[in-house]
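Structure, as structure tokens:
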Amino acid sequence: MFVLPEFQGNGYGRLLLEHAVKCAREQKYQKMCLDTRKQFSVAQHLYRSVGFQETEKYNDNEHAELYFELDLC
């Protein structure tokens with residue numbers, strides 16, 4: 001997910017992420033995974049504030065540098 005720069009800082013990213021987590025829980029997923037780049041420090045802060053924790057690489061995304069997961073149970 002990505003919020004255009006002109007809309008950043010208004011809480012839209014948090015709303016999107018919280019909605020995605022809510023939907024995943026409703027669908028009985030056990031965990032959510034995401035990846036990002038080191039330069040996106042604001043996104044990393046958001047992910048951590050929602051409960052995501054850094055984890056090992058889990059895919060072959062050549063653009064990703066950091067990997068996160070959230071236990072939904």
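The values are calculated or read from the model by the stated rules, or taken from the named source; none is laboratory data. Since the structure is predicted, the reported quantities are computational estimates derived from the model, not experimental observations. Ligands, DNA and RNA are excluded from the accessible area calculation, which covers all protein heavy atoms including side chains. Shrake-Rupley method; radii C 1.70, N 1.55, O 1.52, S 1.80 Å.
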Per the Cα gyration tensor, the chain corresponds to an equivalent ellipsoid with semi-axes, largest first in Å, of 19, 17, 10
What ³J(HN,Hα) values, in whole Hz, does the Karplus curve 6.51 cos²θ - 1.76 cosθ + 1.60 give for the stretch 40-47 when θ = phi - 60°, with x put for Gly and Pro?
8, 5, 5, 5, 4, 4, 4, 4
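Using a probe of 1.4 angstrom, how much of the accessible area of the chain is carbon and sulfur, in percent? Before the final figure, lay out each step's value.
Details: 2810 of 5590 Å².
About 50 percent, which is the carbon plus sulfur part of the accessible surface.
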